[in-house]
Amino acid sequence: MRNSFKSKAFVVIACVLGSMTASAQDDDEAASVQVGKDGSVRVKAPGATIETRGGTARVRTGGGVDIEADGSAAHDDDRDESDTTSRRGGSLELVDSGRTVTHDCDDGGTVEIVGSSNKVTLMGACEAIEVTGSNNTVTAHTVRRIETTGSGNSVTWKYGAEKGKKPRISNTGSKNRISQAR
């Protein structure tokens, strides 16, 4: 790749500006990113295409593999509306900052938080909580696994997924607090 930093910066700028297409050309490969006004994203690279639209993600490879995942929820809110978002069921991917979110994992959803200064309340039984941002506050009712790779996060859980057992905890970040609620 000639200058991957400039290509990636161009793609980020393209995504922020709204509906548009960005592309990068290397010696042997071409790639493009399309972002629609509806929030849909299409990434094309040699041998693979990834598309997201309305909570559904589809991955297609040149080798005949077609994977579709439905039911995940993503939150990226540029609209002026309430700071409290409630979703029921499944998984949550929060890529935002300064939000207050309430989510119900039902029985086994996963939660990924990439951002800063979010306040997240999780109900139900979460399979996993992954926090890669900073200064987030997460409160969970029941969880099987907690991973923190960010910094300054606070994750509080009430119950482990198996009666009498604590969740499996991995804290490779810095200055994170992970504790059981009393």
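The values are calculated or read from the model by the stated rules, or taken from the named source; none is laboratory data. What you see is a predicted model, and the numbers here were worked out from it, not measured in a lab. Neighbour counts are summed over all protein chains in view; Cβ atoms, including those assigned to glycine, are modelled from backbone coordinates with ideal geometry.
The table below lists the values:
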item: Residue within the stretch 134-141 that is assigned by TED's automatic domain parsing to the domain that holds residue 165 and either touching a Gly at 6+ places or on another chain (Cβ under 6 Å) or modelled with pLDDT under 90 (or both) present; result: yes
item: Yes/no for residue 154 being more than 15 Å from the chain's Cα centre (by Cα) and among the polar types (S, T, N, Q); result: yes
item: Which listed residue is part of a strand (DSSP E or B), modelled with pLDDT under 70 and polar (S, T, N, Q), from 82, 86; result: 86
item: Flag if residue 164 is touching a residue at least 12 places away in the same chain (Cβ under 8 Å), surrounded by fewer than 20 Cβ atoms within 10 Å (Cβ to Cβ) and not in a strand (DSSP E or B); result: no
item: The stretch 142-157: number of residues that are in a strand (DSSP E or B) and either over 15 Å from residue 111 (Cβ atoms) or not assigned by TED's automatic domain parsing to the domain that holds residue 95 (or both); result: 1
item: Test: residue in the stretch 103-115 that is surrounded by 16 or more Cβ atoms within 10 Å (Cβ to Cβ) and either in contact (Cβ under 8 Å) with a residue 60 or more places away in the chain or part of a loop (DSSP other than H, G, I, E, B) (or both); result: yes
